[in-house]
Amino acid sequence: MKQFGKRVIVDYLLILAGTGLMAFAISSIYDPAGMVTGGVSGLAIIIKDLTIPYVEGGISLGLTNLILNVPIFLVAAKQRGLGYIARTLVATLALSAWLSILPVVPLSPGDYVLSALFGGVISGVGIGMVFLAQATTGGTDLVAAIIQKYMPHYTISDIMQVIDGLVVIGGAFLFGIHVAMYAIIAIYLVSKISDSIIEGRKFSKAAFIVTEDPPKVASVLMEHLGRGVTGIAATGMYSGQTRQMLYCVVSRREIVTLKGLVLQEDPKAFVIVTDAREVLGEGFQEYCP
């Protein structure tokens with residue numbers, strides 16, 4: 001119970017820190033550059049620029065982000081229940097608050113390359129931290145989830161790409177195609193950085209090993225690496241021979257040692273190394289429900 005409570009506290013701290021980084025990237029990098037990277041935050045930048053003639057400085061990003069998310073949350077809560085959106089609601093409120101209170105510190109005025117690079121990295125880290133806490137910042141994520149219920153033949157990711165693409169196109173009409181092209185670079189960086197944050201502590205390597213002496217190779221791996229090895233019955237379709245294929249999951253740092261140990265015992269061994277995106281238990285990432 002204590003461990004669960006500690007995990008919840010860590011998750012909400014991640015949400016606060018992550019949304020703070022996202023807000024900084026939006027208000028201090030994307031907004032000054034007119035760089036629309038999709039989502040509700042991108043719409044907020046567009047609305048702020050359009051309302052400058054009517055409201056001094058335009059409608060604030062935090063207020064727009066909050067107002068646009070209200071109807072989305074109401075529909076999502078009715079469709080999927082409050083439990084589904086609890087953490088996302090906290091993340092959305094935190095992002096809106098950060099956008100309202102953080103001072104604007106233009107880091108790269110007039111430099112679209114630096115804006116795309118630093119904006120993508122900072123917001124990518126922020127989004128990754130929020131995702132690690134099993135939350136999102138609402139907006140197009142929830143819209144896509146709502147639409148997907150009525151269009152099940154499309155994935156949430158497919159729908160999000162369409163929605164965010166429309167927002168980016170809107171930004172291109174307002175700020176120009178030149179800026180929109182840099183925004184696409186930022187979007188790509190956000191995706192890659194957030195993925196690396198999410199997978200960074202769970203990312204492992206899996207090895208399939210075909211050798212003439214499976215028991216000996218398995219014994220060496222278990223002894224030197226302290227990892228479990230599984231024997232899988234396999235049949236070579238060309239030779240028709242049945243033999244045992246070894247399967248072993250190790251950390252990224254251990255994969256070089258594994259290959260060295262295998263080739264030391266059997267120079268003719270056939271080894272396939274692949275990515276294991278998430279490994280739970282048995283000395284790897286602890287499972288947290």
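The values are calculated or read from the model by the stated rules, or taken from the named source; none is laboratory data. Predicted, not measured: the structure shown is a model, and the values here were computed from it. For neighbour counting, all protein chains shown are included, and Cβ atoms are generated from backbone atoms with ideal geometry for every residue, glycine included. The protein model used for the area step is the full one, side chains on, heavy atoms only, and it has no ligands, DNA or RNA in it. Shrake-Rupley method; radii C 1.70, N 1.55, O 1.52, S 1.80 Å.
Of all the numbered requirements in (1) in a loop (DSSP other than H, G, I, E, B); (2) under 30 Å from PHE131 (Cβ atoms); (3) open to solvent by 90 Å² or more (accessible area, probe 1.4 Å), VAL256 misses one, and that requirement is (1). Looking only at residues of region 119-154 that are assigned to a helix (DSSP H, G or I), of a type in the set (Ser, Thr, Tyr) and in contact (Cβ under 8 Å) with a residue 24 or more places away in the chain, we find that the one that is nearest to TYR12 (Cα to Cα) is SER123. Inside region 122-159, residues that are of a type outside the set (Gly, Ala, Ser), under 12 Å from the mean Cα position of the chain (by Cα) and either farther than 17 Å from ASN69 by Cβ or surrounded by fewer than 18 Cβ atoms within 10 Å (Cβ to Cβ) (or both) make up a count of 5. The residue list ILE15, ILE46, ILE67 contains one member that is under 26 Å from PHE118 (Cα atoms) and surrounded by fewer than 21 Cβ atoms within 10 Å (Cβ to Cβ), which is ILE46. Regarding SER108, is this residue modelled with pLDDT under 85 and touching a Leu at 6+ places or on another chain (Cβ under 7 Å)? Yes, satisfied. Checking each residue of region 73-95 against the condition of being outside any helix (DSSP H, G or I), out of contact with any Lys or Arg (no Cβ under 9 Å at 6 or more places or on another chain), farther than 25 Å from MET181 by Cα and open to solvent by 60 Å² or more (accessible area, probe 1.4 Å) gives no match. Go through the residues of region 9-17 one by one and say whether even a single one is touching a Gly at 6+ places or on another chain (Cβ under 9 Å) and in a helix (DSSP H, G or I). Scanning region 9-17, I find at least one residue that is touching a Gly at 6+ places or on another chain (Cβ under 9 Å) and in a helix (DSSP H, G or I), so the answer is yes. Here region 233-253 is the region considered, the condition is being open to solvent by 60 Å² or more (accessible area, probe 1.4 Å) and in contact with a Phe, Trp or Tyr (Cβ under 9 Å, 6 or more places away or on another chain), and the residue that is farthest from PRO215 (Cα to Cα) is ARG252.
Within region 208-226, the residues that satisfy the criterion of being open to solvent by less than 40 Å² (accessible area, probe 1.4 Å), outside any strand (DSSP E or B) and not polar (S, T, N, Q) are PRO214, VAL217, ALA218, VAL220, LEU221, LEU225. Out of SER196, SER204, SER157, SER191, one residue alone is more than 30 Å from PHE270 (Cα to Cα), modelled with pLDDT under 80 and among the small types (Gly, Ala, Ser). It is SER157. Checked against the criterion of being modelled with pLDDT under 85, more than 18 Å from VAL130 (Cβ to Cβ) and within 24 Å of the chain's Cα centre (by Cα), region 56-78 contains one or more residues that satisfy it.
Considering only residues in region 96-121 that are open to solvent by 30 Å² or more (accessible area, probe 1.4 Å) and small (Gly, Ala, Ser), the one that is farthest from the chain's Cα centre (by Cα) turns out to be GLY110.
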